[in-house]
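Student: The structure that follows is given in the form of structure tokens.
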Amino acid sequence: THWKHGGIVGVFGYGGGVIGRYCDSPEQFPAVAHFHTMRVAQPNGKYYSTDFLRQLVDLWDFRGSGLTDMHGSTGDIVLLGTTTPQLEEIFFELTHKLDVDLGGSGSNLRTPACCLGESRCEYACYNTQEACYNLTMEYQDELHRPAFPYKFKFKFDGCPNGCVASIARSDMSFIGTWKDDIKIDQEAVKAYVGGEFAPNAGAHSGRDWGAFDIQKEVVALCPSKCISYDGSKLSINNKECVRCMHCINTMPRALHIGDERGLSILCGAKAPILDGAQMASLLVPFIKAE
């Protein structure tokens, strides 16, 4: 294309730098001779005040193109398009007035990201925001003074639903899980079967899919075939459960995560072009996170 990646453009005091973008025809298009991309560290759980967002977009309108990506595929706020002389100005404003750091670029620790966790989600098995903050602070030096030979990403999912897609978008993923049995409310199971409760918390209401079929929509779709329903009682062989969350998501008033909660740690997920996406290696099956 007419755009080339110009490597990392440095800003004072921040080794992570900014993604350089340059046009190959600057004489013809001087306004976009530079079109650098800046990542901005997102708050944990992506909770924003309208005041912060207003200041951010005003700054970008003034010193950049005004184009934003909320959020990039790996979590950060992405500000698309500015020139080299504006970088220091933007960095100063972000850190001194908005109290926010740049996100990582290049071969370093990238900005860690997490789901909203226990602040809102009933399925969160640990405090994702606390874990994300602690590891960000612990490895801040690897973001500001890169020493890694390649980019490295942490991501924190509160449960196996994976709302920040940690297993696909990070090198080291922390995924909430539980050690004991899934809790079952048999009366609520009957209410789902009888049509009293809408499956999937009503998310599919209005679709012409007919009556809820527990055999077809829950039992048959269990990847480890650990669920059975005899017409009056739902049974789960928890030793075979792979924590896919499908049954819980389908019948949230009848099934719930266990009480002995913690997380799994996985490393090394990748998506090679020829082989396709590959799951990370399960490094730590279960650890409490308190």
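Student: Give Q86, Q55 a once-over and let me know the one that is more than 26 Å from the chain's Cα centre (by Cα) and either farther than 18 Å from K151 by Cα or not polar (S, T, N, Q) (or both).
Tutor: Values: Q55 fails: more than 26 Å from the chain's Cα centre (by Cα).
Exactly one residue qualifies, and that residue is Q86.
Student: Failed condition for P149, given (1) over 21 Å from the mean Cα position of the chain (by Cα); (2) part of a helix (DSSP H, G or I), with all others met?
Tutor: Here P149 clears every test but (2).
Student: Small (G, A, S), surrounded by 19 or more Cβ atoms within 10 Å (Cβ to Cβ) and modelled with pLDDT of 90 or more: which single residue out of G16, G75, G64 fits that description?
Tutor: G64
Student: Determine which single condition V57 fails, assuming it passes every other condition in (1) without any contact (Cβ under 8 Å) to a residue 24 or more places away in the chain; (2) in contact with a His (Cβ under 9 Å, 6 or more places away or on another chain).
Tutor: Unmet for V57, out of (1) without any contact (Cβ under 8 Å) to a residue 24 or more places away in the chain; (2) in contact with a His (Cβ under 9 Å, 6 or more places away or on another chain): (2).
Student: May I pose another question? Of C222, C241, which residue is more than 28 Å from A113 (Cα to Cα), at pLDDT 95 or above and not β-branched (V, I, T)? Walk me through how you get there before you give the answer.
Tutor: Values: C241 fails: more than 28 Å from A113 (Cα to Cα).
Just one listed residue meets the conditions, C222.
Student: Next question. When you go through K183, K190, K155, K151 one by one, which is the residue that is in contact with a His (Cβ under 8 Å, 6 or more places away or on another chain) and of a type outside the set (V, I, T)?
Tutor: Matching residue, one of K183, K190, K155, K151: K183.
Student: Please return the ranges of strands (runs of 3 or more DSSP E) entirely within the range 1-99 where 1 or more residues are in contact with a Lys or Arg (Cβ under 7 Å, 6 or more places away or on another chain).
Tutor: Values: elements: 3-11, 14-23, 37-40, 67-70, 77-80.
Passing ranges, in order: 3-11, 14-23, 37-40, 77-80.
Student: Another question, then. Can you name the residue in the range 254-285 that is out of contact with any Asp or Glu (no Cβ under 7 Å at 6 or more places or on another chain) and charged (D, E, K, R) and, of all such residues, is surrounded by the most Cβ atoms within 10 Å (Cβ to Cβ)?
Tutor: So, considering only residues that are out of contact with any Asp or Glu (no Cβ under 7 Å at 6 or more places or on another chain) and charged (D, E, K, R), the one surrounded by the most Cβ atoms within 10 Å (Cβ to Cβ) is R261.
Student: Ok, one more. Enumerate the pairs (first residue in the range 17-42 and on the phi > 0 side of the Ramachandran plot; second residue anywhere and open to solvent by less than 10 Å² (accessible area, probe 1.4 Å)) with beta-carbon separation below 6 Å, excluding pairs fewer than 6 apart on the same chain, so at least 6 apart or on different chains.
Tutor: Pairs found: G17/S105.
Quick grid of which residues meet (1) surrounded by fewer than 19 Cβ atoms within 10 Å (Cβ to Cβ); (2) in contact with a Lys or Arg (Cβ under 7 Å, 6 or more places away or on another chain):
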| position | (1), (2) |
| --- | --- |
| D101 | no, no |
| T111 | no, yes |
| C115 | no, no |
| R120 | yes, no |
| C125 | no, yes |
| C132 | no, no |
| Y139 | yes, no |
| L143 | no, no |
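Student: For the structure I just gave you, tell me whether V218 is under 24 Å from G195 (Cα atoms), open to solvent by less than 50 Å² (accessible area, probe 1.4 Å) and touching a strand residue (DSSP E or B) at 6+ places or on another chain (Cβ under 7 Å).
Tutor: Details: under 24 Å from G195 (Cα atoms): yes; open to solvent by less than 50 Å² (accessible area, probe 1.4 Å): yes; touching a strand residue (DSSP E or B) at 6+ places or on another chain (Cβ under 7 Å): yes.
Considered against the rule, which asks whether it is under 24 Å from G195 (Cα atoms), open to solvent by less than 50 Å² (accessible area, probe 1.4 Å) and touching a strand residue (DSSP E or B) at 6+ places or on another chain (Cβ under 7 Å), V218 comes out as yes.
Student: Can you name the residue in the range 171-197 that is among the polar types (S, T, N, Q) and closer than 17 Å to L116 by Cα and, of all such residues, is farthest from the chain's Cα centre (by Cα)?
Tutor: Looking only at the range 171-197, we keep the residues that are among the polar types (S, T, N, Q), and these are 173, 177, 186.
Now restrict to residues that are closer than 17 Å to L116 by Cα: 173, 177.
On the way: S173: 10, T177: 16 Å.
Restricting to residues being among the polar types (S, T, N, Q) and closer than 17 Å to L116 by Cα, the top hit is T177.
Student: What are the pairs, 6+ residues apart or on separate chains, where a residue within the range 1-15 that is basic (K, R) has its Cβ under 9 Å from a residue that is surrounded by 11 or more Cβ atoms within 10 Å (Cβ to Cβ)?
Tutor: Listed pairs, sorted by first residue: K4/G20; K4/R21; K4/Y22; K4/C23; K4/D24.
Student: In this structure, is K46 in contact (Cβ under 8 Å) with a residue 40 or more places away in the chain, within 27 Å of Y126 (Cα to Cα) and surrounded by fewer than 18 Cβ atoms within 10 Å (Cβ to Cβ)?
Tutor: On the way: in contact (Cβ under 8 Å) with a residue 40 or more places away in the chain: yes; within 27 Å of Y126 (Cα to Cα): yes; surrounded by fewer than 18 Cβ atoms within 10 Å (Cβ to Cβ): yes.
The answer is yes for K46.
Conditions tested, residue by residue: (1) closer than 21 Å to V284 by Cβ; (2) assigned to a loop (DSSP other than H, G, I, E, B); (3) open to solvent by 20 Å² or more (accessible area, probe 1.4 Å); (4) without any contact (Cβ under 8 Å) to a residue 12 or more places away in the chain.
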| residue | (1), (2), (3), (4) |
| --- | --- |
| F156 | yes, no, no, no |
| N161 | yes, yes, yes, no |
| A168 | yes, no, yes, no |
| I175 | yes, no, yes, no |
| D180 | yes, yes, yes, no |
| A188 | no, no, no, no |
| A191 | no, no, no, no |
| F197 | no, yes, yes, no |
| N200 | no, no, yes, no |
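The values are calculated or read from the model by the stated rules, or taken from the named source; none is laboratory data. On a predicted model such as this, the values are computed, not experimentally measured, just so you know. FYI the Cβ positions are ideal-geometry reconstructions off the backbone, even for glycines, and counts take in every protein chain you see. Ligands, DNA and RNA are excluded from the accessible area calculation, which covers all protein heavy atoms including side chains. Shrake-Rupley method; radii C 1.70, N 1.55, O 1.52, S 1.80 Å.
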